[in-house]
Every structure is written in C-alpha cells, then in structure tokens.
Amino acid sequence: MKMLTRRGFAAGAAVLPVLSASGVLRAAEPDLGGLRNLASGATPIGPDERRARIARAQALMKAHGIGAVLIESGSSLVYFTGVMWFRSERLTAAILPVEGEPCIVTPFFEEPSVRQTLGVAADVRVWQEDEDPLKLVAGFLRERKLDARPIGIEETVRYFAVDGLARALPGAKIVSANPVVRGVRMRKTAPEIALMQTATDVTIAAYRWTWPRVEKGMKPADIAALMNAATRHLGGAPEFALVLIGPAAAYPHGSRDPQVVADGQIVLMDCGCTVQGYQSDVSRTFVFGSASAEQRMVWDQVRAGQAKAFAAAQIGTPAGAVDDAVRGFYASLGYGPGYRLPGLSHRTGHGIGLDGHEPVNLVHGETMRLAEGMCFSDEPGLYLPGKFGVRLEDCFHMTATGPKWFSVPPISIDAPLG
C-alpha cells in the first residue's frame, strides 16, 4: 500500500506545480474523474405529485374559506405547476381555484417557452403587450364564480400585481395565502425528502473531496472553486460556497477583510447545492494545522448546542422552543444572553426545501408546532468578534417519531467531516 499525504498523493509522486486563483504556488489538483455522479438516478417531481399538491391546497382553501390563490413566478409556481420562469415586469402567474384546474397567465410570446416546463393540466391564457394581465386574472375568477370569495395572495407576489388585481376586481377581498401555500409546502413528501437527501449527499461528498485539498496561502475564492467543481462533478448545481477564514468567521455571512489560510486559523465553510431544484445546506468548521485549546472548546460547545436543538425538535413542539433550548444552554456557558455577542447572534435554524430559506424558522417566539414532513437547518454557531467563529450546520426532517438527520454531524474538530 502506498503512503498517502493529507492531499491524497502517493508519497514521493511527481506533482506539477500550478498557480491557484489567488496566485499561490501549489500542487496540481487530482483529477475529478474519481468522483461519480450521485444525482444521476434522482427521480424528478412528476405530474401525480403536483396534482396531489394542488388537491391539498384546495382542501386548505375550503377549510379557510378562500376561493382562489394567486402565485407569481418563483418557487411556489414551480412547486404547484412545474413552470420554471423568471420574474420580470411582464407578469407570469398561476391562479389556483378552490376547485378544478389551475390557470396560467403569461405573455403571448412567452407561452411556448412556459409550456415547456408546465407539469399539470392547466388553462393557459395569454396577454398582449398592450393589455393588462390582471384583467385576465379577474376574468378567470369571474368565469369560475370566485370573484366574490376571498382571494389569497402568495406572500412573495409583488405589489403591482396585488394592486392591479384590486383595480380589476373592485370590492374583492384580498387575503394572505399563507394558510394554504405554507400549509402545503412546509410538509415535505417522500419524493421531496429523497431529492433533499441526494443534494445533501452531494454536498457532503464535495466536502470530503475539498477538505484535504485546502492549503496554506489559499483565499476563500480558491476553496470555494474547489468545492463548486466537486459539487458539479458529483451531480449537484452549486448554490453557494461561503468560506470564512480566521477572524472573518466571527461574521456569519462574511467579511470584506483580506483572508488567507494560515497555520492555526479557523476555516468555516457554508455550502449547498440543488438537485432537481431541492436544496442542501451544510456548514463545517475546521482548523488548518493544530487547533488551540479555545478553538477546541468552542467547537465542542457548538457541537453540544446542535445536539440540544436536535433533541428539542419533537413533534408538537413550538419551533421557537428549539431556539430557546440552545440559547438557554449557551447562556449557562456564559454566552449572550439572547442574541448578544460573544454568542449566537442569529436564529438556530430555518426551513428548507425548494428555497434555501423557507418558513418557518427555529427562532425565539415562533409558535408554529413541528409536524411530520417539516425540514430545518440546525446551525447554532458561536461567534467571538476579533477572534473567530464556529458553525456546524446539518439539516433534518421531522418524522412521525421525531427528527432525522439528512447529514450526520461530526463529533470532533480533528475529524470535521465525521
């Protein structure tokens, strides 16, 4: 058996030097060919799944007395109809009626493109450049005799669309569609969870490939480039690759200060990808070289905080109680209190699915009770301004008997990938 170095090369093997993105002279990276596509067998969301989503939404509409729901381009449009379309000043939207097929409203010249991803039977209505698309929406509601019922608005719909609908349907009662859209989307089904699991598997595999290739003198962009290259080769679409080094790791979403890998420095990575649109979100923190006693202590405290959150996340528990469990534990160690620094300055976790951040959050005061199918990040970092920060982040989904990890947290700063 050949002796391998930390970077995976055979001891004594000839390696050609190359310049990294930051201009640091380093050894050439091994071929990505050793990585296999983990997402090649992923099953896309099909028509039956989308029809079931619409049926669940319609049941919630009846329960809440809502006649129809207006949805703009974005993740909710993809979720219910499959239509993958960008937002612009030209409205493309869906109306989900309390009964029957949905209606898609889109510009005339965009209809062929919109139909390419339409995944359910729908009434497609087009508008010309000199027409008002909200009049088409109003016309559909009148035809279905829904104009006298409350109209639910998906929470990301832009004001011009809401205002236009109100003008096209004077007297219409406009209400929030959160009880419907959130009510369906927050509870993930088995096909969704399978795609999120694959996305997480890709991210973990990319971490395992990237970590031993981090070298002294690298900048965040160098490390992110390695992570993204591995992610693509493993079958994921890179979504983000945040890398924070040394004191910059005390800022959860980064710093403009120069950062370079050096002996004894914390390297915090927060990375994710998508598979068939579904997201992963995993953070890992390690030390280049030998960790100090303080770095080890804080890393272990964060690991314990993450475990506290996971244990608190039980069916029927208010989401805010998960955050409270962590914050109380950290306060007992002398951090905070609350969101003060040094300590945990952000929520313990967020919902995740088609969007990287979805309702609801694991945050103080959130009363929504955890239910089967809900998915969350668990990331109770600790941040020490002027020194460093540590964040360990793994996502979990709620089963009938409690939480289940998408990725298993590491247990030691010496083995930061488990």
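List of remarks:
- Taking the listed residues H346, H397, the one that is of a type outside the set (A, V, I, L, M) and within 15 Å of the chain's Cα centre (by Cα) is H397, with no other qualifying.
- With respect to being acidic (D, E), part of a loop (DSSP other than H, G, I, E, B) and over 25 Å from the mean Cα position of the chain (by Cα), D130 fits the description.
- Of the residues screened, P107 is not one that is over 19 Å from R53 (Cα atoms), of a type outside the set (K, R) and crowded, with 21+ Cβ neighbours inside 10 Å.
- Residues that are surrounded by 14 or more Cβ atoms within 10 Å (Cβ to Cβ) and in a loop (DSSP other than H, G, I, E, B) within region 396-417 comprise F406, S407, P409, P410, I413, P416, L417, listed in sequence order.
- Among all positions in region 383-395, there is no residue which is more than 28 Å from P212 (Cβ to Cβ) and not in a loop (DSSP other than H, G, I, E, B).
- Region 179-204 - residue that is touching a helix residue (DSSP H, G or I) at 6+ places or on another chain (Cβ under 9 Å) and surrounded by fewer than 20 Cβ atoms within 10 Å (Cβ to Cβ) and, of those, farthest from G418 (Cα to Cα): P179
Every number in this text was worked out from the coordinates using simple rules, so none of it is lab data. Predicted, not measured: the structure shown is a model, and the values here were computed from it. Heads up, the Cβs are rebuilt from the backbone with ideal geometry, glycines too, and the neighbour counts pull from every protein chain shown.
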